[in-house]
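Working notes, beginning with the structure itself.
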Amino acid sequence: MAFIPGQSFTLAEIASALDLELRGDGGCNIFSIAPLHLATEKDISFLSNAKYAEQLTTTAAAAVIVTPEYSDACKIPALIADNPYLAFARLTALYDDLPGQKQEIHPSAVIADSAIMGGGVSIGANVVIGEDVVLGVNCVIEANTVVAARSSLGDNCRLRANVTIYHNVRLGKNVTIHSGTVIGSDGFGNVPTGEKTGRFWQKIHQLGGVLIGDDVEVGANTCIDRGALDDTIIENGVLIDNLVHIAHGCIIGENTALAACVAMAGSTYIGKRCTFGGGVGIAGHISIADDVHITGMAMVTGTIKEAGQYSSGTGLLPARQWRKSAVRFSQLDSMHQRLRKIEKHIEK
Amino acid sequence: MAFIPGQSFTLAEIASALDLELRGDGGCNIFSIAPLHLATEKDISFLSNAKYAEQLTTTAAAAVIVTPEYSDACKIPALIADNPYLAFARLTALYDDLPGQKQEIHPSAVIADSAIMGGGVSIGANVVIGEDVVLGVNCVIEANTVVAARSSLGDNCRLRANVTIYHNVRLGKNVTIHSGTVIGSDGFGNVPTGEKTGRFWQKIHQLGGVLIGDDVEVGANTCIDRGALDDTIIENGVLIDNLVHIAHGCIIGENTALAACVAMAGSTYIGKRCTFGGGVGIAGHISIADDVHITGMAMVTGTIKEAGQYSSGTGLLPARQWRKSAVRFSQLDSMHQRLRKIEKHIEK
Amino acid sequence: MAFIPGQSFTLAEIASALDLELRGDGGCNIFSIAPLHLATEKDISFLSNAKYAEQLTTTAAAAVIVTPEYSDACKIPALIADNPYLAFARLTALYDDLPGQKQEIHPSAVIADSAIMGGGVSIGANVVIGEDVVLGVNCVIEANTVVAARSSLGDNCRLRANVTIYHNVRLGKNVTIHSGTVIGSDGFGNVPTGEKTGRFWQKIHQLGGVLIGDDVEVGANTCIDRGALDDTIIENGVLIDNLVHIAHGCIIGENTALAACVAMAGSTYIGKRCTFGGGVGIAGHISIADDVHITGMAMVTGTIKEAGQYSSGTGLLPARQWRKSAVRFSQLDSMHQRLRKIEKHIEK
């Protein structure tokens, strides 16, 4: 648990910050957050799952966040929340010791004269900002990040270190991009020339940009390609994890979340409030309805019209058993035909 | 559609640039490119698929690229091409508004005295160029990119921002590397020491380099490892998308294309003109023939001697149905044996 | 084969450096290392597999590393080792021509006054070091790398170019991190707010750090996320390849090796001495025993209690045949029921 000297709050201060009802003594100092079974007398904890209710009587925590129904069972100071897990999530903001960045333009930054910056902008060391870039109020651009010409960031965006934003990329407000991520790289569009000599492939120059809405967070080392003719679009509230690939011309609907290593081929539309597990692959030129949930490593090969949960793949097996099943998989159609033949034989 | 004021061409200028026959009035100004059903009077469009021929009569486009057979059906000005999709691809180059980079060595760049640079080279801010590096004529190295000692670029290469080139990497002519890509990182080679105490693994230092041919384009956040003893080799005309992993000692044949998130293990040889869909995994120490096409997310576990299309995996299913199939997959060999037993019983 | 003029050793010098018995003339100059069938008179080779023993009589190598049982059969000068492959691995260190970095703080580096640096530290161009960072003795930080506040590196660490280390990340001794890798990015933790208007997701700020042991090597463009409350932990001797994703709160046991493109979801524990093939996906909140080996692209969906080798997926098939098997996969449960029905019919 990160313990930052001095960064503590009294329980009463936390109750006030989160606007939660306080039961018991609010004077105890809370230094950090921990699960019930690991918490010490410096920690606040939370009960988000009834099956751990027993731990309320044994925890060493100084205080706990619980639903109203558990407030009486609780012998330690408590904050009362309808959704303790959500209250915990909001509480983490108080204990985040993310290093601040001075509200300055670092002298080593290279910023085009034509760039326009709102008030309160902070630019780190070795940042490079291209021509006609627009940075909204209070944006933070961390060290060694590059923003190419004609791109724009809304208010309160934060680009972590070593991010690359290509030209004609537009971010909304409150967007965070983690390190190593590349936004606006060329989509993978090439046409065979059919020539016997000379170049085999003709590149389709990617003329679109990338349009990202408000309240979007993108993880580390992710790639979002620019569109071929129109923009690639990430709508408001979308969450994208690390090492995700989003190809040219995709549209991702509001509040959808993509876990790490998801790969989307081009021109695919994903609806709102979907969740994609890690490593899911998604074919190009398909459409996925709202409220679709895909389990990890599944292969999405066609349009999905119905909300619901979908999967593919085979479960993990001891390698020796797996090899047998894999061989039989290749014989499945013949097994089916043999089965049909037997059924016909019996029917006679 | 990115609209860049002033960047327009008349249809006659386009016909001339692409060396295509013009039918109708060449004087209209074309500002951008759009599909038939979305085009406005500022756009040129193209018909590359007969099933959209109907749209020739309804499109609002100012002009269109068609094959000779459709030139009469076309009531708007037209360019005649044997392959309109290829003509469209060539046309995109005219409308690419990729920001130029001044033909200068930015004063913040750190360049070893022993580096050799051809005429017309452009070096962006905070670029670092190591000892004995050679940059060909007209190379463009964008901001915050690093090229380590003894590496070389042929003429007309472009390294986008935040690229990393390790030592002893050689690029041919007309090579483009997108942001975040790393070329020449160590291959993953380690030998168990067998020692009970001390280090468990002994690293195999990776003594080879990377050799990349002409006309190669590599996407963003891709990794191409250096060879253990010999070079990893990417032949002329190869196209590599984002987040691809190419392990030490691989050889990729001319004009092969690897879509995003392909992962190749070490010492594997891929032939010419192959295409690999997104997320394909390829075992090490195998060989893949020319003209092999692998569908997305397939697992290539052995040598492929015949040209053709290959696949693996299971299709996407509703999760409840998938769980049943996955259980039965683990029982496939026993199902097969039960089937065999029934067949024998019936034969009797 | 990289040939660096002057970088050669006599066989006697090599015998001494590796502490191996020399048979025959130790005076020959060895310039590089090659497999038996490719070696020239400038090379040393090695026999690590009995099936290539025949090549001992035909190789053009100047010298060879062999086990004692082959020393008599060998007509050229030889080094005798119990494990020639391990001896080869150790030998590669002598021929590694990794460019040195001057033992200096490059004037373009931006280093916080509060950072503490041990003796012999080398800092490359455009490096950015945050407040209260600690760098151990002889650390090498290559160009354009960023180390954020309050992180620490043990002695003899090397961060290659364009690495990003977030705040509160602690590395042990002898750790190498390859280019593009990001350590300490936020874990992917978000809670649905349940609100009809306003933000859909509430971020869980990630308060933990990353703790990495001694003798760890991490490949290029990999991501290791910081923990939500506690640290993500990589134990001593762990090897991690390129483009790997390690989510928040994972613990990876000593000497385990993860090949490229492995993706681990959060709060998963992996034991010691495990190996994971390329592209393996691992579910969150599970536990994997010591000495587990997973083949490439397998999907690990649950806890593994027994050491051994595990696999999943389907083998590669010609696409036409695969489509049939994939259809039958979706019918597997019904096939099983039909089989059961026939068995019952026959039993009667």
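If one puts a single equal scatterer on every Cα of region B:163-310 and applies the Debye formula without solvent, what log₁₀ I(q)/I(0) results at q = 0.10, 0.13, 0.16 Å⁻¹? Normalising to I(0) and taking log10 leaves -0.33, -0.54, -0.79. Averaged over the residues of peptide A:337-343, the number of Cβ atoms from other protein chains lying within 10 Å of each residue's Cβ is 5. Name the lysines eligible as straight-distance cross-link partners of C:LYS75: C-alpha to C-alpha under 27 Å, and not fewer than 8 places from it in the same chain. Cα-Cα hits under 27 Å: C:LYS42, C:LYS51.
Take each residue in B:229-238, count the other chain C-beta atoms within 10 Å of its C-beta, and the mean is 3.
Its Cα gyration tensor gives region B:9-95 an equivalent ellipsoid; the semi-axes, largest first and in whole Å, are 16, 14, 12.
Qualifying GluC sites (Glu not before Pro) in region C:262-348, where qualification requires a DSSP coil assignment and no more than 11 other C-beta atoms within 10 Å, comprise C:GLU306. Of all lysines in the structure, the ones whose alpha carbon falls short of 19 Å from that of C:LYS324, not counting any fewer than 8 places away in one chain, are A:LYS324, A:LYS341, B:LYS324.
Ratio of Rg to Rh for the protein assembly as shown: 0.98 [Cα atoms; Kirkwood radius as inverse mean 1/r over pairs]. Bridges between two residues of region C:163-310, per DSSP, are antiparallel at a rate of about 5%. Applying the criteria of a DSSP loop state and at most 13 other Cβ atoms within 10 Å to the trypsin sites (Lys or Arg not before Pro) of region B:40-108 yields B:LYS75, B:LYS102.
Qualifying trypsin sites (Lys or Arg not before Pro) in region B:141-227, where qualification requires a DSSP coil assignment and no more than 12 other C-beta atoms within 10 Å, comprise B:LYS196. The DSSP beta bridges internal to chain C are antiparallel in roughly 10% of cases.
Rg/Rh for chain C (Cα atoms only, Rh after Kirkwood) is 1.10. With K and R counted +1 and D and E -1, the other residues having a Cβ less than 12 Å from that of B:ILE251 yield a net charge of -3. Other protein chain C-beta atoms within 10 Å of residue C-beta, averaged over B:140-150: 6. Under 1.5 on a/c is rounded, so check that first for region B:280-346, then, if it is not, pick prolate when a/b is larger than b/c and oblate when it is not; a ≥ b ≥ c are the square roots of the alpha carbon gyration tensor eigenvalues. Here region B:280-346 falls in the oblate category.
How much net charge surrounds B:GLN7 when only the other residues with a Cβ under 11 Å from the Cβ of B:GLN7 are counted, with Lys and Arg +1 and Asp and Glu -1? Taking every Cβ under 11 Å from that of B:GLN7, the sum is -2. Charged neighbours of C:ARG90, selected by a Cβ distance under 10 Å, balance to 0 (K, R count +1; D, E count -1).
The numbers here are math on the coordinates, done by the rules we state, and not lab data. Since this is a predicted model, take the numbers as computed values, not measurements. When we count neighbours, we look across all protein chains shown, and the Cβ atoms used for this are built from the backbone with ideal geometry, even at glycine.
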